[in-house]
Each structure stands twice: as C-alpha cells, then as structure tokens.
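Asker: Supplied in structure tokens, the structure appears directly below.
The values are calculated or read from the model by the stated rules, or taken from the named source; none is laboratory data. The structure presented is a predicted model; accordingly, all values stated were derived computationally and were not measured. Quick reminder, even Gly has a Cβ in these numbers, built from the backbone with ideal geometry, and neighbours come from all protein chains shown.
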Amino acid sequence: MKKMRSHPLNILENTSHFLILLLLPLLRALLTSHNGFYAWISGAWFDLLVLAFILALGIYSWFVFVFSFDEEGIYLRKGIFFKKYRYLAYHDLTSISVEAPWYYVPFRAVHLRADTDGGSTQLSDFSITIHRDLAKHLLIVAKCPYLKSSDLKRFYIPSNFYIAVFSLITSNSLTGVLYAATSISKAGDIFGKEFRDRIVNEFTRITEILAFGLPPAAAALGYAILFCWLISFLLNLSQHLKFESARRGGILEVSAGLFTKRHYAITVERINFLIIRQSMFSKIFGFFSVFIHCTGYGKKKNEMSVLMPSGEAQELTSNLTMLIPEIPLAKKQIKPKLLNLSRFLIPPLTLILCVLGAGLLGIYFLPKLYNILLFLLIIIEIPSVWWLVIKTYAFFYTGIGTREETVTLYYTFGYQIIACAIPKEKITKVEISQTLFQISTKCCDVTFFTYGEGKRRQKVLNLYLPEVLKLLNLSEEQLGLKPRRKFTLWKEAAPPPKKKKRQTKEKGKQKSNP
Amino acid sequence: MQLKYHFLPKRVLILWELFTIIVVVLLFAIAYLFLNHYHVIWYITMWLIGALGIFLGFLYFPLLYVGYQFALSDHEIILHRGVIFHKRHYLKRDKITFVTLFQDPISSVFGLTTLSVASPGANLLMPFMDLKLARRIAKELSFHQNFKEI
C-alpha cells in the first residue's frame, strides 16, 4: 500500500491559531515602525524565534501524519510524542464527508472526514486535508462495498424557495450573536482596539437615527437581535443552497453549499433514525423538514443533519420512499387518554400564572417601574401562551405506531412538533417511567434509547401504560414473566380476566345432538 | 418455564437502614453541637432531622427495596426500580457491548457489587447486587455475545 501524506496546507491548519496571535501583531509592528527593519528585529527576535519553533513543529507534525487505503479500509499513523495507529474498515464507516471551503479552491484541497459509531462523540475518527482528486478516489473506493453496477441513482433536489424557508425556520439570533461577537473581537485583536470601538460606535449612531421614538437602549437591542438573526439566516442559506440528496444502492449522498461545498456519503444501514420536524407555523403552512441521525453527519458545530430541508406535506411520503424506503413511517396506534389532558396543560398554565403573579406583585410593590414591568410581563407571557397552544395540540398529536420494521413516535419538544421513525433493530433500550401522580390514571412516559455514538433518546409523554406495554410487547405476559410481588405501589397493568363462557347452552345442544 | 423476577439480597436493606441511622445520628450530633440549645431553630432542625430519619428508614428505603426487581429473558434485561420516579428499563441483549462489575471496600465486605451493562446509546446500572448472582449474570451476558468468560 502506498503511504501518503496530507496536503501541505495541513501545516498552516496545525499552526493557524498561534500564527494569527503572533504573526499579525508582529507584521503590524513592522509596518508601523519608524525606526527601520533592524530596530524592529532587535525588539521582536524572541517572538520570531517562537514563531519559527511553532512552524517547525507544525511541519514535523505534518511529516509524521501518514495514511494509506486499500479495498478493505483506511490505515493511519499520527502523533509526535504520543503516536496513534488506527485502522478503519469501510464496512464500519457510517459516513464520509468531503468539505471544500472556498479559500482552499486555488490549492485544490479539501477536508475529508470519516466516522464510525464508536470513538469520540465530538471529533471524527479520521480527519485530514488532502488533494481533491485523492479525496474523490478514496470516496469511490469506500463506497464500493455498498454499490452494484446495476444500481440506479435517485435524486431529490428542493427548490431555492424551500431552502430559504428552511433557513428562515432554523435561524436564530444566538448563532448570529456568537458569530458577530467573535468576528468583532478577532478584528479587534488584529487591527487594534480602536477599530473594534469604531464598529460599536457606528452601530450605536445608526440605531439612534433609526430609533423612531423608541428608547435608544431598546432600539439598539432590537436592531442587534435583528442583525444577528439576519447573519444567522444568511449563514444558513449559504450552507444549504444547491442542496441535493441522492440514493444509490446502499449509499445516501447529500451535497450542499454555495461557497463552501460539502458532500456526504452515508451508509443507509447505519442510519439510526429519521426525524420530521415542524413548528406550529410551518405546520399551518404545510411545510416540514426531515433530518436523519447517523454518526458523523451533522457532527460539526453549526452543521445540521438534513435530508430534506423543506417541502410540502404531499411530497413527504413519496420522497422518503424514494430516498429511505427502509425506514417507513407507521400510523399512530396508541394515543393519550382524555383523563390525561390536564398533564399536557398544567406545565404551561403554571408558567403563565407564575409569570402573571410575579408581574402583578412587581407592579404592586414597585409602582415606579410600572411601564418596564408591564412591558416585560407582556414579552414573557407571549411565549408562555404560545407554549399552551403547542401543548394543547400535543394532546391530539402525541402517540406511537409500529410496523414490522419500525416504531414511529409522535411527540412535541419545546415548540417543535416531531415525528421520529426508528428501525426496531436500532432501539437499544426502552424506559417507561411513572411519577406518584401518574399511578392512579395508569399514565406513563416512554423513552426510547437508540443505537449510536453518545446518548440519543426520544421521549413520549403521558401515554396509557397497558397500551404501551401491549404495543411494544413488554407486558409480563408477552415476556413470559411471572407477575411481580403483590405488595408494590407500581401494579403491573394486567389485562382484564377472561370471562368463562356459559356451558349450559352447549350441554343442552350436546344432548339434543348425540 | 416461566421466567421470574430476582430481588436484592436482604442485607442491602439492613445496610440502608444502618446508613440511615448513622446519618441521622451524625446530623443530630452536629445540630446539638453547633446550634443554640432550646432555640426555635434548634427545635425545627431536630424535628426535620427526625422526620428525615423516619421518612428514609420507614418509607423510602423499604419501598425502594421492594420495588427493585430484575429479570433476564432471552432478548432483554428488565429492571424495575424507583420510588418517587419509578422506572422500568428494557435493555436489548443483542445490543450489549460489554459488562463491568464495580466493587468498593464497603460493598466487598457485604458481598455486594454494582453491575454495569453498556450498549451503544444506553447503559444500565444495577447497584447493590449480590456478587455471585452478578457474576453469573455477567458471564451469561458475555457468553451470549460470544465474548470470553469473565
């Protein structure tokens, strides 16, 4: 097997954090120095020595990272002081991803990552920067065990409108805040504190002009949130434009990205479950998003494991059948009883009343802050009331259905409406929990733990215990277990005793018909 | 043949009761030493410690002991436990990756151990198991996976 090394850009990747912190201030000092080059050297020689040492370490780290691959798997060796040897067989791989950032395009370099169900939950099992053609070749070789020449390729390509809807739904201000704050902070490190202060002052000046009668602080906060949401929306949009998913043989291929192109090859038999997510608004307008869970896909920060970004309800079944027929959705077979409606409504009603109570108490004891408290009360009550609406809908939506191959869960989580289809072989553990208050109505919460790296669980609340045990074949009768001890608070939900048929009529018939 | 539930050994309940007595006595001693005697707070603290002792010794631990039951079927490990939040765990045997037995100095004196069953995505922890029974279960689970004997 031919031993290969990563792309020379890997040297910069290994040393980039230190280079930015050391090199750019040094260069800035050189450019702004009035005393000449030699004067600069006499002051900065130690920093230059450290820089040279870091670069040398980066080069040596690149040199010792060696890998090779054949028809069976990938072999790699890395590390300077603590050496690591690893072998990854293709049949153990769950996903391979190839990412081509726009700034690597002139160098024809790409990031390649391969993952299995074992190993670290944060890092990929194999991650390397290599030449584009080599990555393509490795991808073809790795997919071979799952492809036959007769396999057809089936495509799903959503329109840009659906991708925009998906970006709209999944954007949040927090991501934008983190991105903007990091960028401004790094800009300050590179260009100086004055540059950072200038950005902040300009933003404050613009928000004052566009306040339209609002208090300046509130206007600044509102525009900051809106601006950060816009950044998040644009980032999501650029990540998911040109989205395409295709199925060929045992491989599912997903590619997306406008500037940074990403391509994933996912082994279908390693997909752990499928999730269909909607919000109340997208439900009303008939849109949905489909995600899959497979180790390695969606592992990176701010990366989502999308299968179908967005689409209309009538397209859902046909596209899912085309892409992943192995994980069909089952219709709901059990749902919560009317007795348990209060369990859905109590948490949001409690929150509403607590917020209202706290707000009224605040207004009573602090009359000077009446306007602010009223404003806060309304702002906090709106999401609480919305949660009440979601939980009311959840009562009608929640349930479980099973088919031969899969179990489908219908539940809500926060403000999301979720349907999750799990292949039965991927369910590792089922946990049924009851609190003291749930005993009397035989109500229970069911949690499904699924196969995969790290803990993944789906929880369905407030179902009827006997129905759950019967549907999932977990009753004592079905498991062939003797009933548990009589003295226990937690009585097994035994089926009603079978009534003995009357034998008198039958005996009469027997007498008349010898 | 019908499978049956197994329970914790009786010495576990004795251990828990002893623990309750020790904790309550310690708390009483600390309250007696550091609080002003015959003050309202002293009385409240003493009552609360007493109530805690009664709750743990006469209600919580006995119910915990009675409710802790487990069984091994061909396809699942079934575990029932919990008092305030009762949980039934059904872990599939064909998903088990490895089994571990943990012992500390106190549990080894009483012949007890903690059995941990690991599988991708879920684990099962069974504390206060009888050592011999736990070893048998671990051996059976490992044998089922074609692992070498522990």
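Asker: For A:D92, are the conditions met, namely being surrounded by fewer than 17 Cβ atoms within 10 Å (Cβ to Cβ), within 14 Å of chain B (Cβ to nearest Cβ), free of Cβ contacts under 8 Å to residues at least 60 places away in the same chain and among the acidic types (D, E)?
Answerer: Yes, satisfied.
The rows are residues; the columns are (1) touching a helix residue (DSSP H, G or I) at 6+ places or on another chain (Cβ under 8 Å); (2) away from chain A (no Cβ under 14 Å).
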site: B:K4; (1), (2): no, no
site: B:I14; (1), (2): no, yes
site: B:F28; (1), (2): yes, yes
site: B:A31; (1), (2): yes, yes
site: B:F34; (1), (2): no, yes
site: B:I41; (1), (2): no, yes
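Asker: Right, here's the next one. I'm checking my understanding of the structure. Among residues of the range A:410-419 that are crowded, with 20+ Cβ neighbours inside 10 Å and either more than 21 Å from B:R88 (Cβ to Cβ) or at pLDDT below 95 (or both), which one is farthest from the other protein chains (Cβ to nearest Cβ)?
Answerer: Once the filter is applied, the top-ranked residue is A:I417.
Asker: Something else about it: Counting just the residues of the range A:336-352 that are surrounded by 14 or more Cβ atoms within 10 Å (Cβ to Cβ) and hydrophobic (A, V, I, L, M, F, W, C), which one comes out farthest from A:Y415 (Cα to Cα)?
Answerer: A:L341
Asker: Does A:L252 satisfy being more than 15 Å from the chain's Cα centre (by Cα), part of a helix (DSSP H, G or I) and buried (at least 16 other Cβ atoms within 10 Å of the Cβ)?
Answerer: Here the answer is no, as A:L252 does not meet what is asked.
Asker: Additional query: Residue check, A:I74 against (1) surrounded by 15 or more Cβ atoms within 10 Å (Cβ to Cβ); (2) of a type in the set (V, I, T); (3) farther than 29 Å from A:D117 by Cβ, all met but one. Which one?
Answerer: (3)
Asker: Give me a count of the residues in the range B:61-95 that are free of Cβ contacts under 8 Å to residues at least 60 places away in the same chain, within 9 Å of another protein chain (Cβ to nearest Cβ) and more than 30 Å from A:G118 (Cα to Cα).
Answerer: The number of residues fulfilling the criteria is 8.
Asker: Would the range B:140-147 turn up any residue that is away from chain A (no Cβ under 14 Å), surrounded by fewer than 19 Cβ atoms within 10 Å (Cβ to Cβ) and among the small types (G, A, S)?
Answerer: Yes: one or more hits.
Asker: Taking the range B:101-135 on its own, how many of its residues are among the small types (G, A, S) and either out of contact with any Leu (no Cβ under 9 Å at 6 or more places or on another chain) or within 13 Å of another protein chain (Cβ to nearest Cβ) (or both)?
Answerer: 4
Asker: Give the number of residues within the range A:255-264 that are surrounded by fewer than 20 Cβ atoms within 10 Å (Cβ to Cβ), touching a helix residue (DSSP H, G or I) at 6+ places or on another chain (Cβ under 6 Å) and assigned to a strand (DSSP E or B).
Answerer: Matching residues across the range A:255-264 total 0.
Asker: A further question follows. Give the number of residues within the range B:96-138 that are part of a loop (DSSP other than H, G, I, E, B) and at positive phi.
Answerer: 2
Asker: Under the condition of being outside any strand (DSSP E or B) and more than 8 Å from every other protein chain (Cβ to nearest Cβ), which residue from the range A:449-471 is nearest to B:H86 (Cα to Cα)?
Answerer: A:L465
Asker: Being modelled with pLDDT of 90 or more and either in contact with a His (Cβ under 7 Å, 6 or more places away or on another chain) or in a strand (DSSP E or B) (or both) is the filter here; which residues of the range A:310-345 pass it?
Answerer: A:I334, the sole residue that qualifies.
Asker: Restricting attention to the range A:115-139, report how many residues are part of a loop (DSSP other than H, G, I, E, B) and of a type in the set (D, E, K, R).
Answerer: 2
Asker: Specify which of the listed residues (A:V407, A:V446) is in contact with a helix residue (DSSP H, G or I) (Cβ under 7 Å, 6 or more places away or on another chain) and away from chain B (no Cβ under 12 Å).
Answerer: A:V407
Asker: Restricting the range A:144-169 to residues that are in a helix (DSSP H, G or I) and of a type in the set (S, T, N, Q), which is farthest from A:L226 (Cα to Cα)?
Answerer: A:N160
Asker: State the number of residues belonging to the range A:443-489 that are of a type in the set (A, V, I, L, M) and at pLDDT below 80.
Answerer: 3
Asker: All but one of (1) out of contact with any strand residue (DSSP E or B) (no Cβ under 8 Å at 6 or more places or on another chain); (2) at pLDDT below 85 hold for A:Y60, so report the exception by its number.
Answerer: Exception for A:Y60: condition (2).
Asker: I would also like to ask the following. Does any residue in the range A:106-119 that is under 15 Å from A:L139 (Cα atoms) come within less than 6 Å, Cβ to Cβ, of a residue that is aromatic (F, W, Y) and part of a strand (DSSP E or B) six or more places away or on a different chain, and which pairs are these?
Answerer: So the pair list comes out as A:A114/A:F126.
Asker: Restricting the first residue to the range A:5-30 and requiring it to be assigned to a helix (DSSP H, G or I), which pairs with a second residue that is aromatic (F, W, Y) meet a Cβ separation below 6 Å and a spacing of at least six or different chains?
Answerer: Correct list of pairs: A:L9/A:F107; A:N10/A:W62; A:I11/A:W62; A:L30/A:W40.
Asker: Which one of the conditions (1) over 21 Å from A:T295 (Cβ atoms); (2) in contact (Cβ under 8 Å) with a residue 60 or more places away in the chain does A:S245 fail to meet, given that it meets all the rest?
Answerer: Going through the list (1) over 21 Å from A:T295 (Cβ atoms); (2) in contact (Cβ under 8 Å) with a residue 60 or more places away in the chain, A:S245 breaks only (1).
Asker: Would the range A:379-400 turn up any residue that is at pLDDT 95 or above, closer than 20 Å to A:P336 by Cβ, assigned to a strand (DSSP E or B) and small (G, A, S)?
Answerer: yes
Asker: Something else now. Quick check on A:I432: is it crowded, with 19+ Cβ neighbours inside 10 Å, within 9 Å of another protein chain (Cβ to nearest Cβ) and within 16 Å of A:S475 (Cα to Cα)?
Answerer: yes
Asker: Just to be sure before I move on: is A:S440 at pLDDT below 90 and of a type in the set (S, T, Y) in the structure I sent?
Answerer: yes
Asker: Return a yes/no flag: does the range A:365-377 have any residue that is surrounded by 15 or more Cβ atoms within 10 Å (Cβ to Cβ), aliphatic (A, V, I, L, M), touching a residue at least 12 places away in the same chain (Cβ under 8 Å) and in contact with a Ser or Thr (Cβ under 8 Å, 6 or more places away or on another chain).
Answerer: Checked the range A:365-377: no residue is surrounded by 15 or more Cβ atoms within 10 Å (Cβ to Cβ), aliphatic (A, V, I, L, M), touching a residue at least 12 places away in the same chain (Cβ under 8 Å) and in contact with a Ser or Thr (Cβ under 8 Å, 6 or more places away or on another chain).
Asker: Looking only at the range A:269-301, which residues are surrounded by fewer than 19 Cβ atoms within 10 Å (Cβ to Cβ), over 19 Å from A:T398 (Cα atoms) and touching a helix residue (DSSP H, G or I) at 6+ places or on another chain (Cβ under 9 Å)?
Answerer: A:E269, A:F285
Asker: Another question, then. Just for the range A:96-107: of the residues that are out of contact with any Leu (no Cβ under 9 Å at 6 or more places or on another chain) and of a type outside the set (F, W, Y), which one is farthest from A:Q239 (Cα to Cα)?
Answerer: Among those residues, the one meeting the criterion is A:P106.
Asker: Turning to a different aspect of this structure: Here are some residues: B:F58, B:F98. Which one is away from chain A (no Cβ under 14 Å), aromatic (F, W, Y) and either crowded, with 16+ Cβ neighbours inside 10 Å or free of Cβ contacts under 8 Å to residues at least 60 places away in the same chain (or both)?
Answerer: Answer to the check: B:F58.
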